[in-house]
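Everything below concerns the one structure shown next.
A short reminder: the numbers here are calculations on the coordinates, not readings from a lab. Please read all numbers here as calculations on a predicted model, not as lab measurements. Neighbour counts are summed over all protein chains in view; Cβ atoms, including those assigned to glycine, are modelled from backbone coordinates with ideal geometry.
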Amino acid sequence: MAQAQATIHSYEAEAQAVCARLSHCRDDGGAFGHVVDKLSYFSENRFELSIAGHAKAAAVAWAAMQRTSIIPP
């Protein structure tokens with residue numbers, strides 16, 4: 001779990017750094033990294049998301065897009 005979280009946080013930090021250099025980029029502030037805390041979100045090999053994890057990721061992404069006005073509420 002810790003390795004998966006570290007990978008997600010590293011990816012999000014890189015995305016934030018790249019986004020900060022672009023005038024029309026919006027960032028979700030690492031939204032998914034704040035919710036990846038349940039083993040049920042990962043498959044048996046712990047390196048891929050489970051069905052529940054994909055559903056949670058989609059819900060978090062949708063909410064983040066709404067918060068940043070990429071899509072309407």
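Of the GluC sites (Glu not before Pro) found in the chain, those that fall in a DSSP loop while having at most 12 other beta-carbon atoms within 10 Å are GLU44, GLU48. The angle between the Cα long axis of helix 2-20 and the main principal axis of the chain comes to about 10°, on a 0 to 90 degree scale. The equivalent ellipsoid that matches the C-alpha gyration tensor of the chain spans semi-axes of 24, 16, 8 angstrom, in descending order. Computed over the chain, the per-residue total of -39500 (n - 2.57) for DSSP H runs of n ≥ 4 gives a 222 nm mean residue ellipticity of -16500 deg cm²/dmol, rounded to 500.
Loop-located chymotrypsin sites (Phe, Trp or Tyr not before Pro) in the chain (DSSP state not H, G, I, E or B) with no more than 11 neighbouring Cβ atoms inside 10 Å: PHE47. To the nearest ten degrees, helix 51-67 and the longest principal axis of the Cα atoms of the chain are 20 degrees apart. Here the dipole of the chain is about 160 debye; that uses its Cα centre as origin and unit charges on the Cβ of Lys and Arg (positive) and Asp and Glu (negative).
Between amide H atoms placed 1.01 Å from N, distances below 5 Å from PHE42 occur with SER50, all of them 5 or more places distant or on a separate chain.
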